[in-house]
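This report concerns only the one structure given below.
Readers should treat all values here as calculations from the given coordinates under stated rules, not as data from a laboratory. A quick note: this is a predicted structure, and the numbers were derived from the prediction, not measured. Note that we place each Cβ from the backbone using ideal geometry, even for glycine, and neighbour counts take in every protein chain shown.
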Amino acid sequence: MKQTIPFCLVALVAFFMWLLAAMSPARLPQAASGGDFLSVLLGDAKQDLSYAMIHEADSYFHGGIDMECHALHGHDAHEAHDHAAHGHDEHGEHGHGADCSCGRCGHEDEEQRVEGFDPWRWINSRIRAPEVERHLEGDKVVEMMPWFWMAVKSDPHNEEAWSTAWYTAAYLMKDELLALRIAEDGWRQNPKSMELACVLGRAYRAKGTFDQGKSEAMFEEALRIAKSKGELEDQENAAFYSALGYLSEYAAKRKDAEMLRRLLDEARRRGPDHPVARSIKERLSVLH
Amino acid sequence: MNCHFRRIGALVRLSLLELWRRNDMFALLVLALVLLVPLSLARPFGVSGAVRYFDEAALLLIWGYSLFISLGIGGRLFTSEFDSRTIYPLLAKPVSRGELLLGKYLGGVVASLSALAFFYALWMVSAALRGGEWLSACLLQAFVLHAMFAAFAVAMALCASFLMTSSAGMTILAVLLPAMFFFGRRLPEYAGNVSGALRPLVYAFYWLAPHVEFFDMRQRLVHGWGGVDPVVFLAVVGYGLFYTVAALWLAHVIFKRKKL
């Protein structure tokens, strides 16, 4: 009798999973954002899971250090990691504050002197932090990819996961084909994302995968999405000006003054004094 | 003295046999294979060469298993003797209660460490097969600290089995130890975010609760940081020994006063 219990339990779990898979999302009490098994099972939690995976990838980049502690202590954890504009510092330098006391960074001595000695924190900071700051570089950058993969599998609509994975492949791994594949997959999953349209446009600009026609088409698509949206969020705004900048570069190369004027109008409509608007104006004045 | 060691040795052998006769170890091994083999074959975005995520998952599993085994062994050391009433013939032999407690505890620790060594050996084989570093000073330190944790967990479970029912004790420890493992170092931050009477309570908990996260050197192993400073290493071993001895002493006091 006892030996049959595990088999019965396995059968019960299998039946339950089949039932979940067979059930249409619309019939569930809460509407899941996708029809896949993970969406049905986790609902919105899969977005948090996805961000947790990106967070883990970030900690891998910093050699295993959890950068969240800097945010907890009022630091800008990503001051050198501007994901929206992809202005990552290629040397991997970041703001390791000397006053962080989370016990994970090992730079809390200054604060300890002020607050008084905490032996537990002292031990933790020495066990859970490297003596030397290090970042993934060269072949080792590939270690971040499983986390990005899990992030986009958990939530295929996490634009930050796609764009950071693309950035890592393109600029840290210097694998342009992989970067293009990631950008295309991301765009396929999110055809209304300005940021990913821009990412794909940039992927087509790479030396090994250069295709000006496709690149321009993607930047135009980004502008089209921006028009349909009206008000833009910070990341979308960055993507918008990035698309304008690249398109103006292509137009200037072709000496297409009409296109530059159109782009200038677009730029002025959102921010007359934006540096991108000024640069388009300069390009236009060079043509005249 | 010789006779004293022989008696304790016999009890150690018994505990070791008990662990390996049970099917727990093999069930855990099969579970590890089911989880890790697909993980090792995964090629995220069609890229190969990433190993750290696998090492991290494998080491986390080893931590989970060692907790499960240590608590199980510690909680069962005396409960099974009381339940089956075999404690009476045991105490009828020329063995003092202190010897019995120490012998059974050492047996539990040896059994727990044998399981830990087995899992670490498997991890080393997997690292060697993947062409990575399979033996280092950092690994030895990590193993010693993990062993210290196992010894401490067995002592805590043994002590808890005298204070309350074995299952209640194991349940409490199964919540407390992982909670400290993951969140122990952040308790001062949580204390800063609560107000009123709760704040000194959280601080008191921070100072008194066992910081099992000290024994965790996974990050150093996975990311190749190298070994920890010997002074810190000895401090953590001393910390573990203090809690272990305290738990055993408490268990001894309760067992000595227990009316059978």
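Structural remarks
- Computed from label points 7 Å out along Cα-Cβ, the spacing between residue A:188 and residue B:253 is 6.7 nm.
- Per-residue mean of C-beta atoms belonging to partner chains within 10 Å, peptide B:219-230: 5
- 3J(HN,Hα) couplings calculated from phi for the range A:219-229 with the Karplus curve 6.51 cos²θ - 1.76 cosθ + 1.60 (θ = phi - 60°) are, in sequence order, 5, 4, 4, 4, 5, 4, 5, 4, 4, 5, 8 Hz; Gly and Pro show x.
- As a rough footprinting exposure proxy, the listed residues B:55, B:216, B:24 were ranked by other beta carbons within 10 Å of their own, and the order from fewest upward is B:24, B:55, B:216.
- Cα gyration tensor shape of the range A:138-287, rounded if a/c is under 1.5, else prolate or oblate by comparing a/b with b/c: prolate
- For the options B:170, B:148, B:124, a Gaussian network treatment of chain B with springs between C-alpha atoms closer than 10 Å singles out B:124 as fluctuating the most.
- Taking every full run of DSSP H in chain B, the ones that stretch at least 27 Å from end to end by Cα along their long axis and average 1.0 or higher on the Kyte-Doolittle scale are B:97-129, B:137-163, B:230-257.
- Inter-chain Cβ neighbour average for residues B:208-216, partner chain, 10 Å: 2
- For chymotrypsin sites (Phe, Trp or Tyr not before Pro), the sites in the range A:182-288 that DSSP calls loop and that have at most 13 other Cβ atoms within 10 Å are A:210.
- Averaged over peptide A:130-137, the number of partner chain Cβ atoms lying within 10 Å of each residue's Cβ comes to 2.
- Shape category assigned to the range A:211-288 from the gyration tensor of Cα positions, a/c cut at 1.5: oblate
- The overall shape of the range B:51-146, judged from the alpha-carbon gyration tensor, is prolate: a/c is not under 1.5, and a/b is greater than b/c.
- When both the range B:59-136 and the range B:1-46 are represented by their alpha-carbon centers, they are found 8 Å apart.
- Restricting the range B:1-94 to trypsin sites (Lys or Arg not before Pro) that sit in a DSSP loop and have at most 15 other Cβ atoms within 10 Å of their own Cβ leaves B:22, B:85.
- The range B:8-79 - convex hull of the alpha-carbon atoms, volume per residue in Å³: 98
- Two-decimal Rg/Rh across the range A:166-217, once Rg and the Kirkwood Rh are taken from alpha-carbon atoms: 0.94
- Sorting A:122, A:162, B:249 from the fewest to the most surrounding beta carbons within 10 angstrom yields B:249, A:122, A:162.
- Restriction of the trypsin sites (Lys or Arg not before Pro) in the range A:193-288 to DSSP coil positions whose beta-carbon has at most 15 other beta-carbons within 10 angstrom yields A:255.
- Cα lying deepest toward the dipole's positive end in the range A:138-287, options A:178, A:222, A:276, charges on Cβ: A:276
- Point-to-point label distance, residue B:130-residue A:47, nm (Cα→Cβ direction, 7 Å offset): 3.3
- Counting only Cβ charges, +1 for Lys and Arg and -1 for Asp and Glu, the dipole size of the range A:138-287 around its Cα centre is about 600 debye.
- Note on chain B: along the principal axes its Cα atoms extend 65, 51, 33 Å, ordered by decreasing extent.
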